[in-house]
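The values are calculated or read from the model by the stated rules, or taken from the named source; none is laboratory data. A quick note: this is a predicted structure, and the numbers were derived from the prediction, not measured. Ideal geometry is used to build each Cβ from the backbone, glycine not excepted, and the neighbour counts take in all protein chains shown. The protein model used for the area step is the full one, side chains on, heavy atoms only, and it has no ligands, DNA or RNA in it. Shrake-Rupley method; radii C 1.70, N 1.55, O 1.52, S 1.80 Å.
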Amino acid sequence: MKRMPLCLAPAATLAALLVTTPASAQGGKAGVERLYILNCGEGVAGDISRWSPGVNVGKSMDFVDSCYLIKHPQGWLLWDTGVADAIAAMPEGQRPADPRMTHWRRPKTLAAQLDQLGLKPADIKYVAISHTHPDHIGNVTMFPQSMLLVQRAEYEWPSPVGPRFRPDHPVTKLEGDHDVFGDGSVVIISTPGHTPGHQSLLVKLPKTGTVLLSGDAVHFKDNWENRRVPENNDNKDKSAISMQRMADVMAKENAQLWINHDKAQRDGQKISPEFYE
Ligand SMILES: [Zn+2]
């Protein structure tokens, strides 16, 4: 019974956020117009039991690293920035210090993919990041004018790898769920555990339906279905609670789960310049 308040409090907050304000009440258009999936890295994970202690020991797997670009009448939002564009210039990519981790390559830069869509970094109003690991914040400094949307707990987390944000980068430090455009179409869902301020993103697409972008609350489908918690997660209990919360949100919103690093899933998806509506 002790866990109930933990589960119920955020759900109640979300319920309040998901009451959609009619577009007419805002004096303008509302809702997401398009979502692009960008290639923000490809890699090979040396040993996927890092993400499932005791299971699949020694097994290697191909990973992808996805960024998502969302077009809304109030502005563009970029969800995650992938591994650094500089890795594209490394002939063999970036080898991890620990061979069990992921060896990343960058077949295309983020800058080139924005350019292909006729966009400049200054056109991006919001950069929201799932968490501050290097494969998600590799290009944050490309967007010095964009408002960062990050949980306060993540922003203030003392990272072992040094500063992750420039102190002068505009930032909104969030404390829980956040309805980005005020119309319920793009809602940040607080899912701590992988890191202290990890977050996921609920996106309501007009034709595709509702999708939940996982961040690294889970890394691939098999681990989601078995609710496995990676060995290096900051908090294992919170990780499990967040996965259950995601499942509850998905059931309530009839949402699909799009898993950031799941190559098998992404191989079946449309990649920019194709898009989802
Ligand atoms: Zn990651």
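Along region 185-197, what does the Karplus equation 6.51 cos²θ - 1.76 cosθ + 1.60 (θ = phi - 60°) give for ³J(HN,Hα), rounded to whole Hz, x for Gly and Pro?
7, 9, 10, 6, 10, 6, 9, x, x, 4, 9, x, x
For the residue pair R152 and Q116, what label-to-label distance in nm results when each label sits 7 Å from Cα along the Cα-to-beta-carbon direction?
Once both label points are built, they end up 4.0 nm from each other.
To the nearest 10 square angstrom, what accessible area does E175 show with a 1.4 Å probe?
E175 has an accessible surface of roughly 150 Å² with all protein chains in place.
Can you say what percent of the DSSP beta bridges in the chain, counting only those with both residues inside, are antiparallel? Round to 5.
Percentage antiparallel, nearest 5: 70.
Evaluate E = 1/(1 + (r/R0)^6) for E277 and K252, where r is the Cβ-Cβ distance and R0 equals 35 Å; express this FRET efficiency to the nearest 0.05. All intermediate terms of the calculation are to be shown ahead of the outcome.
Numbers: r = 23 Å, r/R0 = 0.65.
Approximately 0.95, to the nearest 0.05.
State the extension gain, in nm to one decimal, for the chain segment bounded by V44 and D168, taking 0.36 nm per residue of separation less the distance between their alpha-carbons.
Working: separation 124, 0.36 × 124 = 44.64 nm, distance 3.47 nm.
Using 0.36 nm per residue and subtracting the Cα-Cα distance, I get 41.2 nm.
What is the percent carbon and sulfur in the accessible area of the chain, measuring with a 1.4 Å probe over the protein chains and ignoring ligands? Intermediate results must be reported in sequence, preceding the final value.
On the way: 6710 of 12330 Å².
Accessible surface attributable to carbon and sulfur in the chain totals 54 percent.
Top to bottom by accessible area (1.4 Å), largest first, where do R34, R166, R105 land? Write out the running numbers ahead of the final one.
Working: R34 80, R166 135, R105 100 Å².
Result, largest first: R166, R105, R34.
Suppose every K and R has +1 on its Cβ and every D and E has -1 on its Cβ; what is the size of the dipole of region 67-137 about the Cα centre, in Debye to the nearest 20?
Values: 8 positive and 7 negative charges, 18 e Å.
Dipole magnitude for region 67-137 comes out near 80 debye.
Around S49, with a cut-off of 13 angstrom between Cβ atoms, what is the net charge of the other residues, counting Lys and Arg +1 and Asp and Glu -1? Spell out each step's value before the answer.
Details: positive: R50, K59, R100, R228; negative: D47, D98, D222, E231.
Residues close to S49 contribute a combined charge of 0.
By how many nm would the segment from E92 to A264 lengthen if fully extended, with 0.36 nm per residue of separation less the alpha-carbon distance? Mind showing how you got there, number by number?
On the way: separation 172, 0.36 × 172 = 61.92 nm, distance 2.29 nm.
Net length gain for the segment: 59.6 nm.
Quote the accessible area belonging to R164 in square angstrom, nearest 10, computed with a 1.4 Å probe and with ligands, DNA and RNA left uncounted.
For R164, solvent-accessible area is about 40 Å².
Radius of gyration and Dmax for the chain's Cα atoms, expressed in Å?
Considering the chain through its Cα atoms, Rg and Dmax are 17.8, 56 Å.
Debye sum, Cα scatterers, region 152-256, no solvent: what log₁₀ I/I(0) at q = 0.13, 0.24 1/Å?
The computed values of log10 I(q)/I(0) come out as -0.52, -1.34.
Cβ neighbours within 10 Å, averaged per peptide: list 126-137, 176-187, 265-276 in order, most packed at the top.
On the way: 126-137: 23.5, 176-187: 20.5, 265-276: 14.4.
Going by the mean number of other Cβ atoms within 10 Å, highest first, we get 126-137, 176-187, 265-276.
For region 125-277, what is the relative contact order in percent, using Cα pairs closer than 8 Å and at least 6 residues apart in sequence? Mind dumping the intermediate values first?
Values: 261 pairs, mean separation 28.9, N = 153.
Reported as a whole number, the value is 19 percent.
Quick one: divide the alpha-carbon radius of gyration of region 30-80 by 2.2 N^0.38 Å and tell me what you get.
Values: Rg = 16.4 Å, N = 51, 2.2 N^0.38 = 9.8 Å.
Scaled against compact globular proteins, the figure is 1.67.
Near K29, which lysines are there with a Cα under 30 Å away, not counting those fewer than 8 places off in the same chain?
Within the straight-line limit of under 30 Å, K29 reaches these lysines: K71, K120, K125, K173, K204, K207, K252, K270.
Which sequence of L257, L117, L77 reflects their accessible areas, 1.4 Å probe, from the largest down?
Working: L257 20, L117 45, L77 0 Å².
In descending accessible area the options line up as L117, L257, L77.
Suppose R0 equals 30 Å; then what is the FRET efficiency for A240 and V57 from their Cβ-Cβ distance, rounded to the nearest 0.05?
Details: r = 21 Å, r/R0 = 0.71.
Efficiency, rounded to the nearest 0.05: 0.90.
If you count only protein heavy atoms and use a 1.4 Å probe, how large is the accessible surface of W104, to the nearest 10 Å²?
Answer for W104: close to 20 Å² accessible.
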